[in-house]
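Before any comments, here is the structure.
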Amino acid sequence: MSIISRLVTFDNPAFNGYVTYGSVLVLKMMLMAPLTSRQRHKLGVPISPEDAFLSKGKEICKSHEDVERVRRAHLNDLENIPIFFLAGFAYLLTDPDPTTALNLFRAYTLARCLHTFVYAVVVVPQPARGLAWATGFFITGYMAVKAICHFKTF
């Protein structure tokens, strides 16, 4: 049995965690679109001029800080979560301790959810957003470094 077929299996708790928490992150990112849409509709900020009819009776704005805040939170997800998936999978291939791997995946997922919450849902002053972002950033970096050290070919 190859190491990949041993690691990338549902018998491996670390792989189960990767799939589970990765799926939570996918759903979290998907929820950002309806959240943005809700803010747009509530505040009368259509995405395009042809969508202005959806805000009947409301004053139309070209932009609003609350809409932009949700959009920036979504963009931050799009900048950070895909590299987590890559670093996390590479980390899985190092055959990490399952408890450590699960805790890293849990902490990353919690950090990303907190980041969105304090940035786009209930605005909390810094350093809350920065700490949530940095937690995810350092977890991703840790997993990438572990993979590099394990597979170094240079």
Out of Ile83, Leu131, Ile148 - ranked by how far each Cα lies towards the positive end of the dipole of the range 3-151, with unit charges on the beta-carbon of charged residues - the top one is Leu131
From fewest to most C-beta neighbours within 10 Å, the residues Lys152, Lys146 line up as Lys152, Lys146
Length-normalised contact order of the chain, Cα under 8 Å, at least 6 apart, in percent, tallies to 27
Computed for the chain: size of charge dipole around the Cα centre, +1 on C-beta of each Lys and Arg, -1 on C-beta of each Asp and Glu, debye to nearest 20, value 240
Out of Gly88, Gly136, Gly44, a Gaussian network model of the chain with alpha-carbon springs under 10 Å gives the largest mean-square fluctuation to Gly44
In Å, the Kirkwood hydrodynamic radius from C-alpha pairs for the chain sits at 17.3
Projected onto the charge dipole of the range 3-151 (unit charges on the beta-carbon of Lys, Arg, Asp and Glu, signs +1, +1, -1, -1), the Cα from Pro13, His64, Ile3 with the largest positive-side position is that of His64
With N residues in the range 86-154, Rg(alpha-carbon) / (2.2 N^0.38 Å) equals 1.28
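Taking the range 55-139, which trypsin sites (Lys or Arg not before Pro) meet the DSSP loop condition and have no more than 16 other C-beta atoms within 10 Å? Can you show the working numbers first?
Numbers: sites: Lys56, Lys58, Lys62, Arg69, Arg71, Arg72, Arg106, Arg112, Arg129; in loops: Lys56, Lys58, Lys62.
Loop-located and lightly packed - Lys56, Lys58, Lys62.
Here, each number is a calculation from the coordinates, and none is a lab measurement. Only a predicted model underlies this, so the values are computations on that prediction, with no experimental measurement involved. No Cβ is skipped: glycine too gets one built from the backbone with ideal geometry, and neighbour counts run over all protein chains shown.
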